[in-house]
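Everything on this sheet refers to the single structure shown next.
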Amino acid sequence: MTHFTIFSTPAFVDDIQNTDLEKEALIKLAYKMKSKEPSQEKTNVGGYQTRGIKKSNEFLNLVAKLQQNINENLNTYQYDCKLDINVGNAWLNINNKGHSNKPHVHPLSEFACVYYLKTPKDCGNIILIKDSSYRMDGIADLPAKETNILNCDSFFIEPRENRFVMFPGYVEHLVEENNSNEDRISLSFNLSVRPHNEF
């Protein structure tokens with residue numbers, strides 16, 4: 001028997017060192033914005049989402065430290081050209097007890113990124129959902145001896161402070177309910193990737 005796994009969807013997870021100052025600055029910014037501005041109502045079920053912060057010094061300082069990780073993640077695709085990598089938008093999330101984010105994708109973005117700033121115990125995983133548009137419905141929910149990449153329909157990533165997660169923007173995902181009595185705080189941003197125009 002010959003078995004090929006013909007396509008693959010990556011999820012990159014990096015635990016970043018030496019970003020405590022940037023993390024604390026972003027947490028402070030999140031609460032400052034929450035005290036002054038209403039929440040954006042997008043995928044959040046409760047909780048708070050800021051307006052865009054991609055031009056803020058707090059965000060720019062952190063993303064500068066993430067740039068090497070972003071480049072290494074993109075290098076796994078082995079594209080034979082120089083790439084232009086740009087931030088489409090960025091925002092902060094504060095999820096209180098009982099709050100979550102419903103399933104969604106990030107359209108018009110090659111990659112969705114999350115950076116965890118505060119993650120109390122039981123604050124909710126991020127769940128990546130297998131594309132269900134053309135699933136084999138008759139066997140989609142059959143029990144399996146063990147979970148593998150062929151029979152699973154979702155994949156979870158545990159939030160940890162200073163953890164950076166990056167995955168294709170077309171991947172549907174959700175955030176589980178925060179069961180902690182403390183806030184879960186994260187930074188989200190989108191990346192557009194294009195071939196570099198030399199002219």
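For the stretch 154-170, residues that are at pLDDT below 95 and of a type in the set (A, V, I, L, M, F, W, C) total 1.
Which one of Ser39, Ser56 is in contact with a helix residue (DSSP H, G or I) (Cβ under 9 Å, 6 or more places away or on another chain) and not aromatic (Phe, Trp, Tyr)?
Working: Ser39 fails: in contact with a helix residue (DSSP H, G or I) (Cβ under 9 Å, 6 or more places away or on another chain).
When all the criteria are applied, what remains is Ser56.
Annotation: of all residues in the stretch 47-78 being free of Cβ contacts under 8 Å to residues at least 40 places away in the same chain, in a loop (DSSP other than H, G, I, E, B) and open to solvent by 80 Å² or more (accessible area, probe 1.4 Å), the one that is nearest to Met166 (Cα to Cα) is Gln78.
Condition check ((1) of a type in the set (A, V, I, L, M); (2) open to solvent by less than 60 Å² (accessible area, probe 1.4 Å); (3) within 21 Å of Ser56 (Cα to Cα)) across all residues:
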site	(1), (2), (3)
Trp91	no, yes, yes
Leu108	yes, no, no
Pro120	no, yes, no
Ile126	yes, yes, no
Asp141	no, no, no
Phe167	no, yes, no
Asp183	no, yes, no
Asn197	no, no, no
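Set side by side, the residues Ala112, Ala30, Ala90, Ala25 differ, and just one is modelled with pLDDT of 95 or more and farther than 22 Å from Val175 by Cβ, which is Ala25. Condition check for Ile139 on (1) among the hydrophobic types (A, V, I, L, M, F, W, C); (2) in a loop (DSSP other than H, G, I, E, B); (3) at pLDDT 95 or above: one failure, at (3). A count restricted to the stretch 19-46 and to residues that are open to solvent by less than 40 Å² (accessible area, probe 1.4 Å) and either part of a loop (DSSP other than H, G, I, E, B) or among the hydroxyl-bearing types (Ser, Thr, Tyr) (or both) stands at 4. Scanning the stretch 159-190 for residues that are farther than 16 Å from Ile27 by Cα and in contact with a helix residue (DSSP H, G or I) (Cβ under 6 Å, 6 or more places away or on another chain) gives a single hit, Met166. Inside the stretch 26-40, can you point out the residues that are closer than 12 Å to Ile185 by Cα and without any contact (Cβ under 8 Å) to a residue 60 or more places away in the chain? Residue satisfying the conditions is Lys28 alone.
The values are calculated or read from the model by the stated rules, or taken from the named source; none is laboratory data. Only a predicted model underlies this, so the values are computations on that prediction, with no experimental measurement involved. Quick reminder, even Gly has a Cβ in these numbers, built from the backbone with ideal geometry, and neighbours come from all protein chains shown. Only protein heavy atoms, including side chains, enter the accessible area calculation; ligands, DNA and RNA are left aside. Shrake-Rupley method; radii C 1.70, N 1.55, O 1.52, S 1.80 Å.
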